[in-house]
Amino acid sequence: MRPRHSDAVDGFVTAVDRGRYTCVLGDPERTVTAMRARELGRRSVVVGDRVSLVGDTSGDAGALARIVRIADRRSVLRRTADDDDTTAEGRLERVVVANADQLVIVSSLADPPPRTGFIDRCLVAAYDAGIQPLLCLTKADLSGPAAVLDYYAELDLPHLLVRPDCDLDDMRAALAGLVSVLVGHSGVGKSTLVNRLVPAADRAVGRVSAIGRGRHTSTSAVALRLPDRAGAADSAGWIIDTPGIRSFGLAHVSADSLLHGFADLAPGTADCPPNCEHTEAEPECALDAWVAAGNADQRRLASYRRLLASRAGETE
Ligand SMILES: Nc1nc2c(ncn2[C@@H]2O[C@H](COP(=O)(O)OP(=O)(O)O)[C@@H](O)[C@H]2O)c(=O)[nH]1
Ligand SMILES: [Mg+2]
Ligand SMILES: [Zn+2]
């Protein structure tokens, strides 16, 4: 029997807009517009997905290909759709980006001031997804990073400082060869940073993106290829800009999945009662004894519990 779609070619989804998927195909490299094939059923296709395409994959103007297969995902960054855990609809989790390696949390040091609550929630989303976090502190020309870095001292969080006149060599090195998702509040300098990294991207600076605040925005994620670095052997990587995502609803994240970020604490939960939420209020949570016995630092447990509590926090 002939395998189905033996003529399919592989692509990478870089944008999704009202049922049309922009995919980059290799050799020769071209950009192709595609729709989903029926056989995908209800499975969603998101930015970052590796897909197989059939039909007109020429990339010529007006050509339309069909996505017939979604490759297994290396990682999924999710958000709860409505940040409302009181309704079934609100608890629906949506995949935002597939196959990301890194979550770049962009926060300005001033104007607007850093919001640790937001950073905490991004860290929860990253640890839950098994994606490495990178804290990118912008506007370092306006204020120093000491207070923020002190707050995250226990997490060994990799970080970078960005100011208008700095070169971005460290940033490019941190992004090289990876698919990185950029998240941050409006005004922190995300578009400025994207334009410096990918001049062809031409993102609008100094304007609030998307439609009215508080409304459901249709502005979705876009993957941008980083220019090759002079003299570097590895690929420069991709950054995924997420103008429509101001926060992550975290109602789907469990106390145990957050342990992905805390390898020192995870074995300490072996003696917890079933369904332990690992909070301070759990009388029999074994993490307290684990720390008391010297297996992990008390401040690490405090950080873990602070992130646990941030799941229910404000989203803006
Ligand atoms: N002082 C200073 N201003 C910056 C820096 N990065 C961005 N800005 C300014 O901050 C404002 C918001 O920047 P923008 O890139 O649009 O932020 P976005 O909403 O996160 O995309 C603009 O007026 C930028 O010129 C920086 O490193 N230092
Ligand atoms: Mg912007
Ligand atoms: Zn426990």
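The values are calculated or read from the model by the stated rules, or taken from the named source; none is laboratory data. Keep in mind it's a predicted model, so treat the numbers as computed, not measured. Heads up, the Cβs are rebuilt from the backbone with ideal geometry, glycines too, and the neighbour counts pull from every protein chain shown. Ligands, DNA and RNA are stripped out before the accessible areas are found, and what is left, the full protein with its side chains, is counted by its heavy atoms. Shrake-Rupley method; radii C 1.70, N 1.55, O 1.52, S 1.80 Å.
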* To do: May I ask for the net charge around PHE12, where only other residues with Cβ less than 10 Å from the Cβ of PHE12 are counted and Lys, Arg are +1 while Asp, Glu are -1?
  => 0
* **³J(HN,Hα), Karplus 6.51/-1.76/1.60, whole Hz, each residue of the stretch 198-203, x for Gly, Pro** => 10, x, 5, 5, 6, 6
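For the chain, what is the convex hull volume of the alpha-carbon atoms per residue, in Å³?
So the per-residue hull volume is 181 Å³.
If contacts are Cα pairs under 8 angstrom and at least 6 residues apart, what is the relative contact order of the chain in percent?
Details: 614 pairs, mean separation 49.4, N = 316.
With pairs under 8 Å counted, the relative contact order is 16 percent.
Accessible area of the chain with a 1.4 Å probe: how many percent of it is carbon plus sulfur?
48 percent
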* **Point-to-point label distance, ARG94-SER6, nm (Cα→Cβ direction, 7 Å offset)** => 4.0 nm
* Three-way shape label, the stretch 255-298, alpha-carbon gyration tensor, a/c 1.5 -> oblate
* Can you pull the Rg over Rh of the stretch 9-70, Cα-only, Kirkwood? -> 0.91
* To do: For ARG115, list long-range residues whose amide hydrogen, built 1.01 Å from N in the peptide plane, is under 5 Å from its own amide hydrogen.
  => none
* What base-10 log of the normalised intensity I(q)/I(0) is obtained for the stretch 99-241 from the Debye formula, alpha carbons as equal point scatterers, at q = 0.14, 0.15, 0.22 Å⁻¹? -> -0.66, -0.77, -1.64
* Asked: What list of ³J(HN,Hα) couplings, whole Hz, do you get for the stretch 127-143 from phi and the Karplus terms 6.51, -1.76, 1.60, once you set θ to phi - 60° and write x for glycine and proline?
  -> 4, 4, 7, x, 10, 6, x, 9, 8, 10, 9, 8, 6, 5, 6, 9, 7
* To do: Of the options LEU265, PRO133, ASN195, report the single residue whose Cα projects farthest towards the positive end of the charge dipole of the chain (beta-carbon charges: Lys, Arg +1; Asp, Glu -1).
  => ASN195
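How big is the charge dipole of the chain about its Cα centre, in debye rounded to the nearest 20, if each Lys and Arg gets +1 on its Cβ and each Asp and Glu gets -1 on its Cβ? Please report the intermediate quantities before stating the final value.
On the way: 37 positive and 43 negative charges, 277 e Å.
The dipole magnitude comes to about 1320 debye.
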* Along the Cα-to-C-beta direction of ASP165, a point sits 7 Å from the Cα; which residues of the stretch 115-146 have their amide N less than 17 Å from that point? -> 139-144
* Asked: Which distance in Å, rounded to a whole number, links the C-alpha centroids of the stretch 15-86 and the stretch 230-309?
  -> 31 Å
* Asked: Got a number for the accessible area of ARG311? Probe 1.4 Å, square angstrom, nearest 10.
  -> 50 Å²
* Using amide H atoms built 1.01 Å from N in the peptide plane, name the residues 5+ places from VAL46, or on other chains, whose amide H lies under 5 Å from its own. => none
* Sorted peptide list for 163-176, 129-142, criterion being average Cβ within 10 angstrom, highest first -> 129-142, 163-176
* Structure fact -> Heavy-atom accessible area of VAL24, protein chains in place, probe 1.4 angstrom, given in Å² to nearest 10, is 30 Å²
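Roughly how big is the stretch 255-298's charge dipole about its Cα centre, with Cβ charges of +1 (Lys, Arg) and -1 (Asp, Glu), in debye to the nearest 20?
Dipole size: approximately 120 debye.
Provide the FRET efficiency to the nearest 0.05 for the ASN195-ALA233 pair, computing r from the beta carbons and using R0 = 30 Å.
Details: r = 26 Å, r/R0 = 0.87.
It comes to 0.70.
Taking the Cβ-Cβ separation of ASP56 and ASP17 as r and a Förster radius of 30 Å, what is the calculated FRET efficiency to the nearest 0.05? The partial results should precede the final answer.
On the way: r = 19 Å, r/R0 = 0.62.
Efficiency computed from Cβ-Cβ geometry: 0.95.
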* Find the cysteines in the chain that fail to meet the 4.7 Å Cβ criterion with every other cysteine, and list them. => CYS23, CYS122, CYS136, CYS166, CYS285
* With a cut-off of 20 Å, note down the residues of the stretch 288-309 whose backbone N falls inside the zone around a label point 7 Å from the Cα of ASP156 toward its beta carbon. => 290-308
* To do: Please identify, among GLY26, GLY268, GLY231, the residue showing maximal mean-square fluctuation in a Gaussian network model of the chain using a 10 angstrom Cα cutoff.
  => GLY231
* Rounded accessible area per residue of the stretch 9-70, 1.4 Å, Å² -> 53 Å²
